[in-house]
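Just so it is clear, none of the values below were taken in a lab; they were calculated from the coordinates. All of these numbers come straight from a predicted model, not from anything done at the bench. Ideal geometry is used to build each Cβ from the backbone, glycine not excepted, and the neighbour counts take in all protein chains shown.
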Amino acid sequence: MNITYILLAVVVLFVLWVIASYNGFVTLVNRAKEAWADIDVQLKRRYDLIPNLVNTIKGYATHESEAFEKVTQARAAAMGAGSLAEKGAAENNLAGALKSVFAISEAYPELKANQNFLALQAELSDTENKIQAARRFYNGNVRDLNTKIERFPGNMIAGMFHFAKQEFFQLEEGAAAKEPIAVSF
């Protein structure tokens, strides 16, 4: 009789551990999804600001059409990117294109004094900071999920219920990719 109760207790404890582990994985996956949604919101905000910024600068720098086309193409590529690696590469291209547009603005003092331009520049700078914070939050959640998937005995539960590791959202290596967009007044 005692052995039956002991075996039953062990089985119940095992089932409770599996349930708790499964729920822990679900929580981590949902946190990573939520963090990615935060990045998406900030990226959409950036995408919405870019046409206004380009149109404001176009009024002053009409002969700089190549730079504006690059920004437009980079924005479209970033919006259409599928995988995390593609998204990261597209975002790096967009950041580079934006840097060139801000470099153009340096040559036009009257543009740098335009209130609309200054407001858009401040909004974009704020958005870049929010993207960076959202990216760190997402990568922290992915790190926690991936660690739990790799560690024993969680890896058994992860394998049983097909929880998969997720990719980090990283910038390309290199000094140019790691520099923030320069915003000067």
For the chain, the longest principal axis of the Cα atoms and the Cα long axis of helix 84-106 enclose an angle in degrees, to the nearest 10, of 20 degrees
Over the chain, the sum of -39500 (n - 2.57) across DSSP H runs of at least four, divided by residue number and rounded to 500 deg cm²/dmol, gives at 222 nm -27500 deg cm²/dmol
Kirkwood Rh for the chain from C-alpha pairs, in Å, is 19.3 Å
One point scatterer per Cα, no solvent, Debye formula: log10 I(q)/I(0) for the range 34-127 at q = 0.14, 0.23, 0.24 Å⁻¹ comes out as -0.50, -1.19, -1.27
Most exposed first, judged by fewest Cβ atoms within 10 angstrom, 38, 126 run 126, 38
The ³J(HN,Hα) series, computed from each phi in the range 66-73 with the Karplus coefficients 6.51, -1.76 and 1.60 at θ = phi - 60°, rounded to the nearest Hz and given as x for glycine or proline, is 4, 5, 5, 5, 4, 5, 5, 5
Stretched fully, the stretch from residue 10 through residue 34 gains (0.36 nm per residue minus C-alpha distance, one decimal, in nm) 5.1 nm
With a Förster distance of 35 angstrom and the Cβ-Cβ distance between residue 73 and residue 23, calculated FRET efficiency to the nearest 0.05 equals 0.20
Measuring from the longest principal axis of the C-alpha atoms of the chain, the long axis of helix 115-150 (C-alpha) lies at a number of degrees, nearest 10, equal to 20 degrees
For the range 18-178, averaging the sequence separation of alpha carbon pairs under 8 Å that lie six or more residues apart and dividing by its residue count, the contact order in percent is 36 percent
Rounded to the nearest 0.05, FRET efficiency between residue 156 and residue 83 (Cβ-Cβ, R0 25 Å) equals 0.35
Packing-ranked peptide list from 119-125, 21-27, highest mean Cβ count within 10 angstrom first, is 119-125, 21-27
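Can you order the peptides 135-143, 159-167 by their average number of other Cβ atoms within 10 Å per residue, highest first?
Packing order, densest peptide first, comes out as 135-143, 159-167.
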Magnitude of the Cβ-charge dipole (Lys and Arg +1, Asp and Glu -1) of the chain about the Cα centre, nearest 20 debye, reported as 560 debye
